[in-house]
Each structure stands twice: as C-alpha cells, then as structure tokens.
Amino acid sequence: MELIRTPRPAAIRGAAEWLLDDLDRWANLATSSVLQSIPSYRDHEDELARSVRFTMRTFLDYAISGVPPSEIDLARLRDVGRRRAEGRVPLADVLHAFRVSARSILAGLAQAPESLAADGVLWLAEALFAYIDVVSTQVTNRYAETQADLLRAQEVRRRDFLSDILHGHRSGADALGEAASLGIELLGEARVLVVGTPNPATNDLADDAEAQVEDLIAPTPVLAVRVGGDLVVLPLVTGRPGRRLGPARRRPGG
C-alpha cells in the first residue's frame with residue numbers, strides 16, 4: 001500500500017527519529033487532549049493510551065523507513081473500530097481522536113531542534129494526512145461491521161426475551177431490568193398484535209409476515225416472535241411508559 005507518491009526527503013528520517021525517541025511524551029499529550037475534548041473516551045483511558053501510541057509509532061516508522069504500514073499493522077489499527085463500537089464511543093469521536101493524534105505529531109515537529117525545509121514539512125504533512133485518511137477509512141468500515149453485528153445480536157436477545165415472557169418463563173424484577181437493558185418497556189400498560197391465519201391447522205403464515213407487519217407499522221419499531229402458528233408483535237413505543245397503542249385484536253395473516 002503506497003500512501004503518497006512524492007519522494008521522501010532525506011531530512012525526514014532524522015526528524016521522525018527525534019519524535020520517536022520521545023514517543024511516550026507525544027502519545028501522552030495526544031491522549032490527554034483526546035480525554036479533555038472528547039468525553040466519550042473518559043471510560044477508556046488505558047486502552048486509548050495504547051491505541052494512540054501504536055497509531056503514532058506506526059506512522060513514524062513509515063516516515064523513518066519509507067515502508068508503508070503492513071497488513072498486520074493495518075489490521076491492528078482497523079480493530080480500533082471494533083473496540084470503539086463495542087465501547088459505544090460515537091464514530092465521529094473516534095475519527096476526531098485520530099485527528100488529535102495527527103495534530104500532536106505536527107506540534108512535536110515544531111519543537112524539533114532542527115527545522116525541516118519546506119519540502120520536508122510538505123512531505124510529512126501530506127504523508128500524515130494520507131495515513132490518517134487510510135486508517136480512518138479502515139476503522140470506519142470495521143466500526144460499521146461491528147455495529148451491525150451488535151444490532152443483530154441485540155435483536156436475537158430481544159426476540160428470545162419476548163418469547164420467554166410470552167411462554168411464562170420470565171417474570172419479576174429481573175425481567176423488568178433485562179427488558180430495560182434491551183430497550184423494551186414493560187412498565188405500565190402494553191399492547192401486542194397477534195397475527196394468524198383463519199385455520200392454523202391447514203394454513204401457515206407467509207415467510208415474510210414479519211417484514212409485512214414491520215412495513216405496516218413503520219416507522220414504529222417492532223419486535224416479533226412466532227408462537228405456535230401465530231406471529232406475536234410488540235411495538236417498541238418510545239415515550240412515556242403506559243402509552244396506549246389501541247385495543248389488541250387478532251388479525252388474519254396471509
């Protein structure tokens with residue numbers, strides 16, 4: 001993977017080595033800046049510090065050697081997207097943190113004992129922005145993949161939980177607590193829809209019955225599970241507990 005085509009000036013190596021010799025200082029400054037400016041990172045300080053240090057070191061190694069990051073390095077950087085999605089750090093904050101790290105490298109360069117010529121400053125800035133762009137794209141893709149996986153897993157947990165409730169396997173305070181963690185409101189009055197066929201013994205619901213119901217009730221999100229030959233649908237109403245959805249009634253499905 002080639003970051004930029006511009007030839008690397010010889011003076012870059014010395015400047016990058018000077019920054020690398022004091023890497024902990026620049027990484028700590030970047031970490032502090034992220035924690036001060038991005039509140040969502042304050043519960044992830046230790047892991048953030050390791051990530052910032054690796055991000056900076058990978059770039060400085062490239063500046064010193066001229067060899068772009070390896071696929072192994074990119075995979076490790078990309079995995080930041082997974083960890084941030086699992087930690088519920090907003091993607092915008094993740095990308096902001098990478099920009100903070102880049103600015104810290106440039107700030108460190110300004111303190112170097114020997115100033116770079118214009119072509120050196122231009123190469124370093126261009127290479128740094130290209131590096132952050134590549135890493136941000138990799139992280140964004142991994143973040144989106146992980147978020148989709150988390151949403152699918154939560155949907156499975158919601159369906160299993162609703163099935164347990166309907167079958168009488170879950171009740172009490174523990175059930176209320178788990179419902180709240182899954183975004184299901186059980187306090188107050190609730191209404192469900194039951195979709196079935198006139199003769200369950202001879203007719204089955206269509207394979208896309210859930211999708212049809214979701215389209216019908218949209219934009220209200222719903223949770224649906226099959227119980228026997230019926231489809232039981234719980235609209236996930238947002239707002240105050242106990243909001244009425246109207247009388248429950250059995251609807252034929254096709």
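The values are calculated or read from the model by the stated rules, or taken from the named source; none is laboratory data. Not measured: the values here are computed from a predicted model. Here Cβ is always computed from backbone atoms with ideal geometry, including for glycine, and neighbour counts include all displayed protein chains.
Remarks
- Subset of the stretch 114-167 (residues that are among the aromatic types (Phe, Trp, Tyr) and surrounded by fewer than 18 Cβ atoms within 10 Å (Cβ to Cβ)): PHE129
- Tally, over the stretch 30-50, of residues that are touching a residue at least 40 places away in the same chain (Cβ under 8 Å), out of contact with any Gly (no Cβ under 9 Å at 6 or more places or on another chain), buried (at least 16 other Cβ atoms within 10 Å of the Cβ) and polar (S, T, N, Q): 1
- Inter-residue pairs, beta-carbon under 6 Å, first not assigned by TED's automatic domain parsing to the domain that holds LEU116 and loosely packed, with under 12 Cβ neighbours inside 10 Å and in the stretch 15-29, second outside any helix (DSSP H, G or I) and modelled with pLDDT of 95 or more, 6+ apart: none
- Residue within the stretch 135-157 that is in a helix (DSSP H, G or I), out of contact with any Ser or Thr (no Cβ under 6 Å at 6 or more places or on another chain) and within 15 Å of LEU60 (Cβ to Cβ) present: yes
- Residue tally, condition not in a helix (DSSP H, G or I) and not aliphatic (A, V, I, L, M), over the stretch 74-100: 3
- Counting only helices (runs of 4 or more DSSP H) wholly contained in the stretch 1-73, the ones carrying 3 or more residues that are closer than 27 Å to ASP93 by Cβ occupy 23-37, 45-65.
- Residue selected from the stretch 214-245 under the condition modelled with pLDDT of 70 or more and over 20 Å from GLN154 (Cα atoms), by the criterion surrounded by the most Cβ atoms within 10 Å (Cβ to Cβ): ASP230
- Every residue from the stretch 5-14 that is within 15 Å of GLU114 (Cβ to Cβ) and either surrounded by fewer than 16 Cβ atoms within 10 Å (Cβ to Cβ) or hydrophobic (A, V, I, L, M, F, W, C) (or both): ALA10, ALA11, ILE12, ARG13, GLY14
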